[in-house]
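Engineer: The following block contains the structure, expressed as structure tokens.
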Amino acid sequence: MPAFDTLQMGITTRCNLLCAHCPREPADCFEHLPLELFKQRLARFEAARFGTLLVSDFGEPTMVPGFLSYLRHARRQGWRAVEFVTNASCTDRALWEAVVREELAARIMISLEAATPAQYRAFRGQPWETFARTVALITALKGRHAPGAAPEIRLNAVCLVDTLHELEPLIRFTAEVGADALSLVHLNPTARCSRDDWRGGPDHHLDGLPRDRLLEAFAHALALARDLGVDVSLPEPMPELGEAAPWVPPPAAAPDGIRCTQPFLWVQVHAGGAVYPCCQMSARWSVGNLDEADFEQLWRGPRYSRLLDGLMPGGEPLEVCRQCNILAGRYF
Ligand code: SF4
């Protein structure tokens, strides 16, 4: 089995927001993963085989009763690099103080799409002021902690057609609030949703815009980021702007020529126990369930094989892979 980069384990499918581009369906079943079951699931994986544990899925993890206990348990079990994603709607100062003081997370990723109050509220439904105050609290707590042990605070912004004009406010907010970095990422084109008001479909992906318009917007964003000293990453290589894709050595276990190495880097486990070989496929190709088999059995099973065969030269990729940003040359 490979030495994976990340184990992603969801602990809830509940969220207090319903963002405009989120593919959650109102009819979805929403639940928390009980702490005891989290412990059992985590025990099925060797911490030494993974670089990072990402305690997140579509839900908002800070809503889970006893959320800190999940992080503490992971640390006790030897998971050194624990991360989570949050919408920063939790205003419980004690929770954020504990995360930073007890060094429960190596990285906190904070999601947003816009940094102007009206646009932010249009996407998220919550007031911008609440969000901005919480992010400022987290960065201030981090600033008071020992530098080497403080969590990285990374803002993660999905870029859509409707929010391309938000690049500048996003960069200015990252600088003002003192976050460590801003990731600009593409909308995930593998997501599906039946909501009438959903703004996450193909029409909203930046691929729908002329290339020169994209380059103009990102060139301006990069120049501003340089001026303000913001560490910003783009959603795809832009060699026209001097931002070519860096060469990254492929994982040792990945066969030569495979078109996507994510299945050798990432394992995602949903709250219900279903296992997915990456987080980009919107839970559309489960390779099995931990209630029925060990991960090693799943890794050697027919569902992983079908996925990997399809990614080899001459293979027929799964439909979800054909729709994925990765095969289109975008970043993960
Ligand atoms: S191509 Fe996309 S969906 Fe397919 S395995 Fe790679 S990251 Fe996942």
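Engineer: Read through the list (1) closer than 29 Å to residue 113 by Cα; (2) within 14 Å of the ligand (Cβ to nearest atom), then give the number of the only condition that residue 230 fails.
Structural biologist: Only one criterion in (1) closer than 29 Å to residue 113 by Cα; (2) within 14 Å of the ligand (Cβ to nearest atom) is unmet by residue 230, namely (2).
Engineer: Which condition breaks for residue 259 when tested against (1) closer than 30 Å to residue 165 by Cα; (2) surrounded by fewer than 17 Cβ atoms within 10 Å (Cβ to Cβ); (3) near the ligand (Cβ under 9 Å from one of its atoms)?
Structural biologist: Only one criterion is unmet by residue 259, namely (1).
Engineer: Something else now. Which one of these does residue 267 not meet: (1) within 14 Å of the ligand (Cβ to nearest atom); (2) in a loop (DSSP other than H, G, I, E, B)?
Structural biologist: (2)
Engineer: Of the residues in segment 115-138, how many are buried (at least 18 other Cβ atoms within 10 Å of the Cβ) and touching a Pro at 6+ places or on another chain (Cβ under 7 Å)?
Structural biologist: Number of matching residues: 2.
Engineer: Where in segment 88-149 are there helices (runs of 4 or more DSSP H), lying wholly inside it, with at least 1 residues that are over 26 Å from residue 74 (Cα atoms), small (Gly, Ala, Ser) and in contact (Cβ under 8 Å) with a residue 24 or more places away in the chain?
Structural biologist: Details: elements: 93-101, 117-124, 128-143.
Those helices (runs of 4 or more DSSP H) span 117-124, 128-143.
Engineer: Follow-up question, since we're still on this one. Here is a check on your reading of the model: is residue 102 over 14 Å from residue 134 (Cα atoms) and buried (at least 22 other Cβ atoms within 10 Å of the Cβ)?
Structural biologist: Values: over 14 Å from residue 134 (Cα atoms): yes; buried (at least 22 other Cβ atoms within 10 Å of the Cβ): no.
It is false that residue 102 is over 14 Å from residue 134 (Cα atoms) and buried (at least 22 other Cβ atoms within 10 Å of the Cβ).
Engineer: Among the residues of segment 107-132, which ones are under 20 Å from the mean Cα position of the chain (by Cα) and among the charged types (D, E, K, R)?
Structural biologist: Scanning segment 107-132 gives 107, 113, 124.
Engineer: Can I ask one more? Condition (residue is away from the ligand (no atom under 16 Å from the Cβ), under 27 Å from residue 283 (Cβ atoms) and without any contact (Cβ under 8 Å) to a residue 12 or more places away in the chain) applied to segment 213-225: is it met by at least one residue? Even if it seems obvious, please write down each step before you answer.
Structural biologist: Our first condition is that a residue be away from the ligand (no atom under 16 Å from the Cβ); within segment 213-225, this holds for 213-225.
In the following step, the residues that additionally are under 27 Å from residue 283 (Cβ atoms) were identified as none.
For segment 213-225, residues away from the ligand (no atom under 16 Å from the Cβ), under 27 Å from residue 283 (Cβ atoms) and without any contact (Cβ under 8 Å) to a residue 12 or more places away in the chain: absent.
Engineer: Taking segment 276-332 on its own, how many of its residues are among the acidic types (Asp, Glu), more than 22 Å from the chain's Cα centre (by Cα) and within 13 Å of the ligand (Cβ to nearest atom)? Reasoning before the result, please.
Structural biologist: Start the filter on segment 276-332 by keeping residues that are among the acidic types (Asp, Glu), which leaves 291-292, 294, 296, 309, 316, 319.
Okay, now just the ones that are also more than 22 Å from the chain's Cα centre (by Cα), so 291-292, 294, 296, 309, 316.
Going one step further and asking which of them are within 13 Å of the ligand (Cβ to nearest atom), we end up with 309, 316.
Selection size over segment 276-332: 2.
Engineer: Same structure, new question: Considering 293, 253, which residue is assigned to a loop (DSSP other than H, G, I, E, B) and exposed (fewer than 15 other Cβ atoms within 10 Å of the Cβ)? So that I can check it myself, show each step before the final result.
Structural biologist: On the way: 293 fails: exposed (fewer than 15 other Cβ atoms within 10 Å of the Cβ).
The match here is 253.
Engineer: Oh, and also: Just to be sure I understand, how many residues within segment 21-40 are touching a residue at least 24 places away in the same chain (Cβ under 8 Å) and surrounded by fewer than 19 Cβ atoms within 10 Å (Cβ to Cβ)? Working first, answer last.
Structural biologist: Initial filter on segment 21-40 (touching a residue at least 24 places away in the same chain (Cβ under 8 Å)): 21-26, 30-33, 35, 38-39.
Still in the running and surrounded by fewer than 19 Cβ atoms within 10 Å (Cβ to Cβ): 25-26, 30-31, 35, 39.
Residues flagged as touching a residue at least 24 places away in the same chain (Cβ under 8 Å) and surrounded by fewer than 19 Cβ atoms within 10 Å (Cβ to Cβ) within segment 21-40 amount to 6.
Engineer: Just name the residue that is nearest to the chain's Cα centre (by Cα) out of those in segment 1-20 that are of a type outside the set (A, V, I, L, M) and modelled with pLDDT under 95. Steps first, please.
Structural biologist: So the first thing to find is which residues in segment 1-20 are of a type outside the set (A, V, I, L, M), and the list is 2, 4-6, 8, 10, 12-16, 19.
Narrowing further to those that are modelled with pLDDT under 95: 2, 10, 12-16, 19.
Working: 2: 21, 10: 12, 12: 15, 13: 15, 14: 16, 15: 15, 16: 18, 19: 15 Å.
This residue is 10.
Engineer: Quick one: residue 36 ticks every box in (1) at pLDDT 95 or above; (2) in contact with a helix residue (DSSP H, G or I) (Cβ under 9 Å, 6 or more places away or on another chain) bar one, so which box is it?
Structural biologist: Among (1) at pLDDT 95 or above; (2) in contact with a helix residue (DSSP H, G or I) (Cβ under 9 Å, 6 or more places away or on another chain), residue 36 violates only (2).
Engineer: Exactly one condition in (1) under 21 Å from residue 167 (Cβ atoms); (2) surrounded by 22 or more Cβ atoms within 10 Å (Cβ to Cβ) is not met by residue 108; state its number.
Structural biologist: So residue 108 meets the others, but not (1).
The values are calculated or read from the model by the stated rules, or taken from the named source; none is laboratory data. None of the values given here were measured: they were computed from a predicted structure. Glycine also receives a Cβ, built like all others from the backbone with ideal geometry; neighbour counts cover every protein chain displayed.
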